[in-house]
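Asker: Before we start, here is the structure in question, set down as structure tokens.
Please treat every number below as a calculation from the coordinates, not as lab data. Keep in mind the model is a prediction, meaning the values are calculated, not measured. As a convention, Cβ positions derive from the backbone with ideal geometry for all residues, glycine included, and neighbour counts pool all protein chains shown.
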Amino acid sequence: MIDEEMVNALNKQLNAELYSGYLYLSMATYFESIDLPGFASWNKDHAHEEFTHAMKFYDYLVSRGEQVILGEIEAPPTEWEGALAVYDHILKHEQLVTGLINKLVDLAISKKDHATNNFLQWFISEQVEEEETANGILQKVKLAGEDSRALLFLDNEMGSATE
Ligand code: OFO
């Protein structure tokens, strides 16, 4: 049995992970619309990863005999001003998610909920990776700058990374 406040916070994070999936999927459709299929594929792939994050919260709540509550998912933006704006958004979004996970850990500690704290540690490591990946791609997109050939090369690389 988990403390009620903790259950609500975990359900909220499940929703936030679904939103992340929705956001990456929206970014994928944006890249499809500007003919960068490699970036689209990477974002589609990442959307899938976010849904697996959401399912970790789902499975954890079920395993502890708690109720999963599926709330409304906010609609993500649909337009950006190019790949640089997308990856800038991704990095900021992942930093925000890191903050959410940290707050969940703080709550678990304050409730002396060691099992939930232990469950959340996977996400602590995952967020380090999420920020590193986002920042790595952002730096490459920055380097490509206005050079469309460099961007096409990068698009190709992003596509092969998800094959
Ligand atoms: Fe679920 O890690 Fe990204 O947002």
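Asker: Step through the residues of the stretch 134-141 one at a time and calculate ³J(HN,Hα) from phi using the Karplus curve (6.51 cos²θ - 1.76 cosθ + 1.60, θ = phi - 60°), rounding each to whole Hz and writing x for Gly and Pro.
Answerer: Once rounded to whole Hz, the list reads 4, 5, x, 5, 4, 5, 5, 5.
Asker: May I pose another question? Report D for the chain in µm² per second (integer): Stokes-Einstein, Kirkwood Rh on Cα pairs, 25 °C, 0.890 mPa s.
Answerer: After rounding, the answer is 147 µm²/s.
Asker: Taking the Cα centre of the chain as the origin, how large is its charge dipole in debye, to the nearest 20, when only Lys and Arg (+1) and Asp and Glu (-1) carry charge on their Cβ atoms?
Answerer: 340
Asker: Can you list the GluC sites (Glu not before Pro) in the stretch 1-110 that are in a DSSP coil and have 10 or fewer other beta carbons within 10 angstrom?
Answerer: Filter output for the stretch 1-110: Glu72, Glu79, Glu81.
Asker: Follow-up question, since we're still on this one. In the stretch 12-79, how does Rg compare with the Kirkwood Rh, expressed as the Rg/Rh ratio over alpha carbon atoms?
Answerer: Over the Cα atoms of the stretch 12-79, Rg/Rh equals 1.09.
Asker: Between Glu4 and Glu74, what length in nm is gained on full extension when 0.36 nm per residue of separation is reduced by their alpha carbon distance?
Answerer: Stretched fully, the Glu4-Glu74 segment lengthens by 22.8 nm.
Asker: Charges on Cβ only, +1 for Lys and Arg, -1 for Asp and Glu, centred on the Cα centroid of the chain; of Gly136, Ala161, Leu70, which one is farthest towards the dipole's positive end?
Answerer: Sorting the options by dipole projection puts first Leu70.
Asker: Set Lys and Arg Cβ to +1 and Asp and Glu Cβ to -1, take the dipole of the chain about its Cα centre, and tell me which of His114, Asn8, Trp80 lies farthest positive.
Answerer: His114
Asker: For a quick size check, give me the Cα extents of the stretch 44-140 along its three principal axes, largest first, whole Å.
Answerer: 44, 25, 20
Asker: Let me ask another. Say R0 is 25 Å: what FRET efficiency, to the nearest 0.05, do Glu32 and Asn135 get from their beta-carbon distance?
Answerer: 0.55
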